[in-house]
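Q: Got a structure here, written out as structure tokens. Questions coming.
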Amino acid sequence: MHTKLTVSVDKEVAEKAEIYAKSTKKSVSQLVENYLLLISTESVKNEDISNRPLGPITKQLAGIIETNDNLNYKELLTDALTEKYL
């Protein structure tokens, strides 16, 4: 069952939403409904990001770069930022 929902948004936002909706062959109502469903689903809110399934592009890219398991990312970042700004 559908119910009517009235929202007010900035004119520019509405125009951009209509353009996006046309490009995806969906209505603005469908976009809003999908967004509201996404943010209101408790399992999505509470789900640990590490448990989420990988998207198709991420799946394709996963494992193509070999790394050292003993790599200290914080140390690498600190070194890179120190070199860049000092």
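Please treat every number below as a calculation from the coordinates, not as lab data. All values reported here derive from a predicted model rather than from experimental measurement. Backbone-built Cβ (ideal geometry, glycine too); neighbour counts: all protein chains shown.
Q: Can you run the Rg to Rh ratio on segment 1-48? Use alpha carbon positions and the Kirkwood inverse-distance Rh.
A: On the way: Rg = 12.8 Å, Rh = 12.3 Å.
The Rg/Rh ratio comes out at 1.05.
Q: Determine, for the chain, the count of lysine pairs separated by eight or more sequence positions (or lying on different chains) whose alpha-carbon distance falls under 26 Å.
A: 14
Q: At 222 nm, what helix-only mean residue ellipticity would the chain give, in deg cm²/dmol to the nearest 500, using -39500 (n - 2.57) for each DSSP H run of four or more? Each step should come with its number before you reach the end.
A: Working: 5 runs with 50 residues, N = 86.
Counting only the DSSP helices, I get -17000 deg cm²/dmol.
Q: Using +1 at the Cβ of each Lys and Arg and -1 at the Cβ of each Asp and Glu in segment 1-48, identify which of 7, 24, 36 lies farthest towards the dipole's positive end.
A: Looking along the dipole axis, the top candidate is 24.
Q: With N denoting the number of residues in the chain, provide Rg(C-alpha) divided by 2.2 N^0.38 Å, to two decimal places.
A: On the way: Rg = 21.1 Å, N = 86, 2.2 N^0.38 = 12.0 Å.
In units of the 2.2 N^0.38 Å rule of thumb, it is 1.76.
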